[in-house]
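The values are calculated or read from the model by the stated rules, or taken from the named source; none is laboratory data. None of these values were measured; they are calculated from a predicted model. Neighbour counts are summed over all protein chains in view; Cβ atoms, including those assigned to glycine, are modelled from backbone coordinates with ideal geometry. Heavy atoms of the whole protein, side chains included, go into the accessibility calculation; ligands, DNA and RNA do not. Shrake-Rupley method; radii C 1.70, N 1.55, O 1.52, S 1.80 Å.
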Amino acid sequence: MGEEKREATLRYLRSKFAQYYQTRPLHLPPRFGRREFGFILFEGGFVLRHLGFPKEATLYRYIRSKSPAHVYHSAAYYETPGAPTMAEKGWMGADLIFDLDADHIPGWQKMGYPGMLEAVKGQVIRLIDDFLVGDLGFREDDLRIAFSGARGYHIHIRDPRVFTLESHERREIVDYITGTGLDLQLVGRREPFEERTFGGQTRTLKRFRIPMASDPGWRGRTTRGISQWLETLSELPEEQAIEALRQLEGVGPKRAQKIYGTLQRLGTDGTRARVETGHLEFFPPGSGASLVAQGVEYAKGATDEPVSSDTKRLIRLMGSLHGKTGFSVVPLTREELDAFDPLTDAVPALYEHEKIRVETPQAIVTDMMGETFNLEPGQNSVPEYLAIFLMCRGMATLASGMAGDATEGPT
Amino acid sequence: MLAMYPFLAEASRYIRDQGLSLEEVLDHRAFQGARNWARERVFTSLETGDLPNPPLSRSAECLEALYAYPLARILVSCVGDGFLVRRFALAEADLARRRLSRESDDFLLAASHALGLDALRDGAFRLHFSDFLRATRQLRGKEWKLINQPVREGFVLLSRDRFLRVVEGHLRNRFEAELPLEVNPTLLRAFEEEVIELHTALRDRRSRLQGEDLGTIRVTNFPPCMEKLLATVLASENVSHPGRFALVSFMNNIGLGFDEIYQIFASVPDFRESVTRYQIEHITGQISGTVYTAPECSTMKSYGICPGPDRLCETITHPLSYYRKKTRMSGTAKKAPADRPAKAAS
Ligand code: SF4
């Protein structure tokens, strides 16, 4: 790729970003005067950080003059956010942040962009509904959700009770969500249920019991996980279901067949009623532990550990643009999240439908704004919003002769 | 009542309302008892950690107890030693728990509110998980992990006993964070004798633990990583899980048995949690029969517990080889002391 074309492409993007920031699109975090800000420019190089902005106007002036590719702020509040070292900043507390990216989804590489965005959204919804609002009891008002602008979502928790949690304690929350360090004794154990005496010898019969589905915390959660697993299992074709059952410890082909028969006989409701009241008698006692492991696997959530435990990390500013996609970092309520489609809803209104010419070295198939685009290698005329996405991704350059079309923003 | 819980805001308000400065109290003959008591408290917290809990019946006793608390804190602050602060915080929090354990549920709940905890009671005690996390910061057993708690709507359900332990943890954190207080020359002078005594006691204690010989084992031959881990444990600061594992397995590998290792750790204030008996049993093979080998240098580095190699480190890849090499070298060093590897660098 020619240096000149690259230059022209960057100029185009910079001026588009500058135009965008003229519309006052930013959603500043509360207490933003106490936050550190950071930027990455299109020219590359280091993160410009250790910057503080006492007023909204100064921040806008800075952003408009630099037209940065990425804008971040600290999750933390500082006495002096602009101080050059962490020690001098004086940490006062930090929002609790969760970051869920497509690469936490098993098999994401094979999903394609729209597929992975959908899958990650499902995980985010579960993270919020089951864990953050569910078990941890945060109110929706204390929770800000944002599309990250690329492949995932961020959740900012602004409940003052969590501000002063330190790294170790934040990691405990992550462990809670990801099912790490669970004491398996708590969620299932063999217990005696009957004594039998044969010819003077007493034998204690044991069975595997799991907690009630309504028990608080991971006890109930694991049971619900087992129940959900069995439910999906009963919807599979017989062969696959039996194959899955055979993965359990102590379950051979005959046993699997028998369990499958029992599950069918009990039906979904019958199975659920038993499992959710702690009964697993239709499984051999030896398989209990592996069933519990299945349940945990099914019930656990996902989130990126380092992002949550690092109390000094920078996070993308809501309403800013992501320089690797051109999408905006869209703030969302839990309700808005359900219908949110990044490939349409994160495209700034400012980007035109008018076509511009770009050069794409490789063939590209992609969806955007409800349309599928099929681009051959070479020169292509595409709507500006797609051109911006491709140029930001580094998959396209502005075709020569186009550079003059963009009006240079203030520098 | 206030005399039993002198850390409550009400108690300090009461003292403030008396209008006596601490300097005056220290000078005053009438407060000699409180002063003795304060002294007693600090020394006991350093030695056994088991503070006496006498019944307070006469009002004079109550008054003394009430004043003993701030005086003890001043004394600890005059010494200004981190280890003493932690011992003192631990002992005071432990005493508070023992006292609270005799109170009614209502009182316990009210006290936890006065301490700023977001707690409720309906059958069991319930504590907001953020307070639970902060208060159990120093408790590292899996029974204190958040994931193993019954959490519902943001609150952790706790039995009365566990709730008391959590309140204790909260108090311990608070005492540690508050101390040392600022002290002025008048106070320093008033406690001059005690401060000297405490410094001596602290020094004795350290040299006892860091003495050349641990039986047949020489701590001076430890590689920097293990030396540092041991020092950290002995200073009763938190050591990461991999760090504890590395240290215990290392000590086991160089010939210390379960009992000896246990004894070393038992001298740490919050031994209960910092390295559990179970962990030592496990690592030394008491439970499963598997004896673990200490991790090699590259692993130590990736855990971030290699404090940066010294010169001898550059010739080895395993902390155990360091120890063996150095033991051999110091054996010959008796004849030629100049051969001793330069330890002064660290
Ligand atoms: S190099 Fe090896 S022996 Fe030396 S301090 Fe690091 S881990 Fe320990």
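Worth pointing out:
- Cut-off 17 Å, label 7 Å out along Cα→Cβ of B:Ala9, residues of the stretch B:80-118 by amide N: B:109-118
- Built amide H within the under 5 Å cut-off of A:Gly278, gap 5+: A:Ala213
- Relative contact order, percent, the stretch A:295-411 [alpha-carbon distance under 8 Å, six or more residues apart]: 22 percent
- Gain on full stretching of the segment that runs from A:His168 to A:Leu337 - 0.36 nm per residue minus C-alpha separation: 57.8 nm
- For the stretch A:1-128, the square roots of the Cα gyration tensor eigenvalues, ordered a ≥ b ≥ c, give a/c of at least 1.5 with a/b no greater than b/c, which places it in the oblate category.
- Chain A: angle of helix A:3-21 to the longest principal axis, Cα-based, in degrees nearest 10: 80 degrees
- Rounded tilt (10° steps) of A:56-66 against the dominant C-alpha axis of chain A: 70 degrees
- Dividing the Cα radius of gyration of the stretch A:72-220 by its Kirkwood radius returns 1.18 for Rg/Rh.
- Per residue, in Å², the accessible surface of chain A once ligands and nucleic acids are set aside, probe 1.4 Å: 46 Å²
- B:Leu8 long-range amide H proximity, modeled H, under 5 Å: none
- Between the Cα long axis of helix A:112-126 and the first principal axis of chain A there is an angle of about 60°, rounded to the nearest 10.
- Remark: spin-label model distance A:Trp108-A:Glu249 equals 3.2 nm, labels positioned 7 Å along the Cα→Cβ axis.
- In the stretch A:194-255, the alpha-carbon atoms span a convex hull of 126 Å³ per residue.
- Our helix-only sum for chain B, with -39,500 (n - 2.57) per DSSP H run of n ≥ 4 divided by its residues, gives a mean residue ellipticity at 222 nm of -17500 deg cm²/dmol.
- Largest to smallest principal axis extent of the C-alpha atoms in chain B, angstrom: 67, 53, 29
- Expected-Rg normalisation [2.2 N^0.38 Å, Cα atoms] applied to the stretch B:47-200: 1.18
- Per-selection Kirkwood Rh - the stretch A:184-299 (Cα, Å, 1 d.p.): 14.5 Å
- To put it simply, the accessible area of the stretch A:184-299 at a 1.4 Å probe is 47 percent carbon and sulfur.
- Straight-line cross-link partners of A:Lys89 among the aspartates and glutamates, defined as a Cα under 15 Å from its Cα and at least 8 positions apart when in the same chain: A:Glu36, A:Glu79.
- Counting only lysines at least 8 places from A:Lys110 when in the same chain, those with an alpha carbon closer than 19 Å to its own are A:Lys121.
- A cut-off of 5 Å between modelled amide H atoms, ignoring neighbours fewer than 5 places along the same chain, links A:Arg189 with A:Arg209.
- Distance histogram in 20 Å bins (all Cα pairs of the protein assembly as shown, percent per bin): 13, 35, 36, 15, 1
- Whole-Hz ³J(HN,Hα) from phi, Karplus 6.51 cos²θ - 1.76 cosθ + 1.60, for the stretch B:121-135, glycine and proline x: 9, 8, x, 7, 7, 10, 10, 4, 4, 5, 5, 4, 4, 5, 6
- Each residue of the stretch A:22-28 was assigned a 3J(HN,Hα) from its phi angle through the Karplus curve 6.51 cos²θ - 1.76 cosθ + 1.60 (θ = phi - 60°); the sequence is 5, 8, 6, x, 6, 10, 6 Hz, with glycine and proline shown as x.
- Max mean-square fluctuation residue, GNM over chain A, Cα-Cα springs under 10 Å, options A:Gly270, A:Gly179, A:Gly115: A:Gly270
- Here the calculated FRET efficiency for B:Arg98 and B:Gln32, from their Cβ-Cβ distance with R0 = 25 Å, stands at 0.40, rounded to the nearest 0.05.
- Chain A: calculated mean residue ellipticity at 222 nm from DSSP helix runs of at least 4, using -39500 (n - 2.57): -11000 deg cm²/dmol
- Note, ³J(HN,Hα) from phi for the stretch A:203-220, Karplus 6.51, -1.76, 1.60, rounded to Hz, x at Gly and Pro: 10, 9, 8, 10, 9, 9, 10, 10, x, 6, 4, 8, 4, x, x, 6, 4, x
- Listing of the stretch A:182-226 residues, each with accessible area lower by at least 40 Å² in the full protein assembly than in the chain alone (probe 1.4 Å): A:Asp183, A:Pro216
- All C-alpha pair distances within chain A, sorted into 10 Å bins from zero, spread as 4, 18, 23, 20, 15, 11, 5, 2, 1, 0 percent across the bins.
- Fully extending the segment from A:Leu51 to A:His27, taken as 0.36 nm per residue of separation minus the present Cα-Cα distance, adds 6.9 nm.
- Total accessible surface hidden between A and B, rounded to 100 Å², 1.4 Å probe: 2000 Å²
- Residue of A:Gly112, A:Gly134, A:Gly199 that the Gaussian network model of chain A assigns the largest fluctuation, springs spanning Cα pairs under 10 Å: A:Gly199
- For the stretch A:137-227: rounded, prolate or oblate by the Cα gyration tensor [a/c cutoff 1.5]: prolate
- Theoretical FRET efficiency, 1/(1+(r/R0)^6), r = Cβ-Cβ of A:His353 and A:Gln228, R0 41 Å, to 0.05: 0.40
- Rel. contact order, % - alpha carbon contacts under 8 angstrom, at least six apart, chain A: 21 percent
- FRET efficiency for the A:Glu238 to A:Phe282 pair, using the beta carbon distance and R₀ = 22 Å, is estimated at 0.85.
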